[in-house]
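What follows is one structure encoded as structure tokens, with my remarks underneath.
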Amino acid sequence: MVLMRTYTRLSLLPESPRLAYRAMSSSTTRYTRVKASPIRTADLPGPYDLHIPTVELAYEKHPRASAKSGTSDTPTKEPIIFVHGIFGSKSNTRTVSRVLARDLDRDVYCVDMRNHGDSPHTPLHTYPALAADIEHFIDCHKLGPSILVGHSMGAKAVMAVALRSRASELVAGLVSVDNAPWNAQLSSDFPKYVRALQQIEAAHFTRTQDAYAMLAKQEPNVTIQQFLLSNMKRASQLPVSAKHELVERLRSRLRAKSEAVPAGHHPHDHHPHRDARGIIHDHSVAPGSGSPTAAAKTATAALDSEISEAEKHILHFRVPLDIIGKSLDHMADFPYFPFETRYSGPTMFVRGMKSHYVPDEAIPLIGELFPKFTLKDVDSGHWVISEKPLEFVEYLKDFISREIELD
């Protein structure tokens, strides 16, 4: 009797509707294509598209120890790039990054992915797009082959980079933290979180304790509350993309009020923000300079001028909740398959044993896509790095010294 383990994956191929692939693992693995209901209506870039529009990722750099002391005569080692998960930001791995930069004498970068932290917002939020942003980041900073470490959404993003055509020039090693390269239904908590945060934003709170009280009704875990509400900022503290979206909402609100006023009445004739709207349209690029920096400063000043003093005290989210909510299906998906591609470089999967994102059933597929992988189990939930930082750091240091430095 042959023990059969089955798993199902869903993916979008470059020129096809969504397809379901069923892989059966026994002595051999075979794949069959089965039609499934499409969940994407737009023509999205394919998994291997190298011309996906990218955004400039905000980041923190933690310099290697020898660079800070000015004593290093050795060539620069491959840098480490940390990529966070949904609702995360570059600050999530700040502490472990400082330790690694010191102990491994490597530059460590923590990035904000698109639609997160201080990075720009854009409607396209898929793994090929996230991968393209990481590739662009490595190119712009002339980092060369880098050690990519991703958690959750970030894990699938760095896996995508490794499975695309530029892996040999961009990826020195790969670490996936609590995610697997297949379609896995996201925890029902994520849609719940999106709805809860949207309700908080709609309440126009000015006090953080009010936001915490509302969120506690949906999520009792204080640590998760703090994580989610770390994305909450006052209007004056929002990054430019989020500030622009806020101003657009304010404009829509004003238009709606204007349309509701009887003819002959002009409530906006003396509105203090009327001229500011013209500034945005007329001076989105600084006159005569063409300088992106000057244009950005002009646009930011114009945006600030449209936000009233009262509005500046209201708490908003720097994450575009509507985009994230609509992208959750994409975040569950993974559009790369072993009969199309594989990454044969050093790879480590770290899974939380109290989490469900890397079940044993996923291991055969991991081996096909990443034949040189090792698996480390940690007594934690999904938030492996924050729950077990010391254990994670030791695993990562061992992986780098054993698989990359000795390669």
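We did not get these values from a lab; they are worked out from the coordinates using the rules stated. Keep in mind it's a predicted model, so treat the numbers as computed, not measured. As a convention, Cβ positions derive from the backbone with ideal geometry for all residues, glycine included, and neighbour counts pool all protein chains shown.
The phi torsions of the range 50-67, fed into the Karplus equation with coefficients 6.51, -1.76 and 1.60 and a -60° offset, translate into couplings of 9, 10, 6, x, 10, 10, 7, 7, 5, 7, 10, 10, 10, x, 4, 4, 5, 5 Hz, rounded to whole numbers, with Gly and Pro shown as x. In plain terms, the residue of MET153, MET353 with the fewest other Cβ atoms within 10 Å comes first and the most crowded comes last, giving MET353, MET153. Based on the Kirkwood approach, the hydrodynamic radius assigned to the range 309-407 is 16.6 Å, with every pair of different Cα atoms included. Electrostatic tally near GLU135: other residues with Cβ closer than 12 Å to its Cβ, Lys and Arg +1, Asp and Glu -1, net -2. For the range 45-143, the list of GluC sites (Glu not before Pro) that fall in a loop by DSSP and count at most 13 other C-beta atoms within 10 angstrom reads GLU56.
Among the trypsin sites (Lys or Arg not before Pro) found in the range 174-208, those both in a DSSP coil and sparsely packed, with 12 or fewer other Cβ atoms within 10 Å of their Cβ, are ARG207. Fully extending the segment from ASP139 to GLU405, taken as 0.36 nm per residue of separation minus the present Cα-Cα distance, adds 93.5 nm. Computed over the alpha carbons of the range 119-241, Rg followed by Dmax gives 17.7, 50 Å. Taken over the Cα atoms of the range 114-163, the convex hull encloses 82 Å³ per residue. Across the cross-link table entries LYS156/LYS372; LYS61/LYS388; LYS90/LYS192; LYS61/LYS156, which are compared at the Cα atoms, the separations over 19 Å belong to LYS61/LYS388; LYS90/LYS192; LYS61/LYS156. Relative to one another, the C-alpha centroids of the range 352-407 and the range 80-102 are positioned 16 Å apart. The loop-placed trypsin sites (Lys or Arg not before Pro) in the range 82-151, going by DSSP, that have at most 14 neighbouring Cβ atoms within 10 Å of their Cβ come out as LYS142.
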